[in-house]
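Below: the structure, in structure tokens.
The values are calculated or read from the model by the stated rules, or taken from the named source; none is laboratory data. This structure is a prediction, so every number in the text was calculated from the model and none was measured. Cβ: placed from backbone, ideal geometry, glycine included. Neighbour counts: every protein chain shown. Side chains included, ligands, DNA and RNA excluded: accessible areas come from the protein's heavy atoms. Shrake-Rupley method; radii C 1.70, N 1.55, O 1.52, S 1.80 Å.
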Amino acid sequence: SADGELVQYHYGLKDLVTILFYIFIAIILHAVVQEYALDKINRRLHLSKVKHSKFNESGQLVAFHLTSVIWCLYVVVTEGYISNPRSLWENYPHVYLPYQVKFFYLCQLAYWLHALPELYFQKVRKEEIPRQLRCITLYLLHIAGAYLLNLTRLGLILLLLQYLAEFFFHMARLVYFTDENNEKLFNVWAVVFVVTRLFTLTLYILVIGFGLPRVESQALDPERGNFFSFLFNNILFRMSVLLLVCLFQASVMWRFIHFQLRRWREYWHEQSSRKRAAASTGSKQQSKLLKRDSGYHENGVVKAENGTSPRTKKLKSP
């Protein structure tokens, strides 16, 4: 305020009205990006129906992830969460939020909720609906969980890492759809994905293993928003949670490694088939040249090695 007093916010039922309003805003922005950017590009590329659907999905997510990464990075830098990692667990529970943190979480919830009706509006294929529903549900559970359980600071850093990896993945897909021989961005995404997974795991261990157990208020107090710190004081519970986190990250990395191995296998198989095709074509051309050099029948006429006819020429009288 004008006197220097810092105004902070708490979550409540009125947030549902705000989220509903921004769901309509997200639908409008989705239509604008589709109409004025993606549809124009699609007309030039002439993609198939399957690639058309994937191109639209990746195009929308590139715009959303880029905006979210810039916005989230601005929030964590201005609030000092990166320069002071202890702020992620100090003074837990973080019941009262700065305006930009609360607004960011409400917009994130609104975007992922708007993605549900968009499945109908975009006429997504039935085969793709379960995958997209699973992705939307996971994002909603994680974002709403961090917001309602007062883990907003940790949630911001995790969202920043996740959105950064997702941005490079969908950007690589867009480039691949425009030029199928260009897969360089997939390699960049692979590096970013591994680095963000390592940072995510390190952050979990730092906050859950060392941060929350040192919180002064260790009693269960739902009215004040203290849901976890008393549990993390128990070393058995803390180690169980860390084990589950490590197993989940290991499963994610296993799927990633399996995907990369399959992609490299397909790439080398394609390269080897191209080499075999080129070698067979070269051998056929070489055999044709050899036949032409040493006499052979061509169009029913026997030719000699030097290309002249083997018949003896009759000398005409002058």
Inset, instruction - Looking for whichever is in contact with a Leu (Cβ under 9 Å, 6 or more places away or on another chain) and charged (D, E, K, R) here; the options are ARG153, ARG125. Which one fits? - result: ARG153
Inset, instruction - All but one of (1) crowded, with 17+ Cβ neighbours inside 10 Å; (2) free of Cβ contacts under 8 Å to residues at least 24 places away in the same chain hold for GLY80, so report the exception by its number. - result: (1)
Inset, instruction - With the condition kept exactly as written, say whether any residue in the stretch 166-186 is of a type in the set (Ser, Thr, Tyr), buried (at least 19 other Cβ atoms within 10 Å of the Cβ) and over 30 Å from ASN84 (Cβ atoms). - result: yes
Legend entry - Those helices (runs of 4 or more DSSP H) lying entirely in the stretch 39-145 with at least 2 residues among the β-branched types (Val, Ile, Thr) and out of contact with any helix residue (DSSP H, G or I) (no Cβ under 9 Å at 6 or more places or on another chain): 49-78
Inset, instruction - Mind telling me which of the residues TYR92, TYR81, TYR105, TYR120 ends up being more than 16 Å from the chain's Cα centre (by Cα), more than 20 Å from ALA31 (Cα to Cα) and at pLDDT below 90? - result: TYR92
Inset, instruction - Count, please, the residues in the stretch 139-157 that happen to be hydroxyl-bearing (Ser, Thr, Tyr) and open to solvent by less than 20 Å² (accessible area, probe 1.4 Å). - result: 2
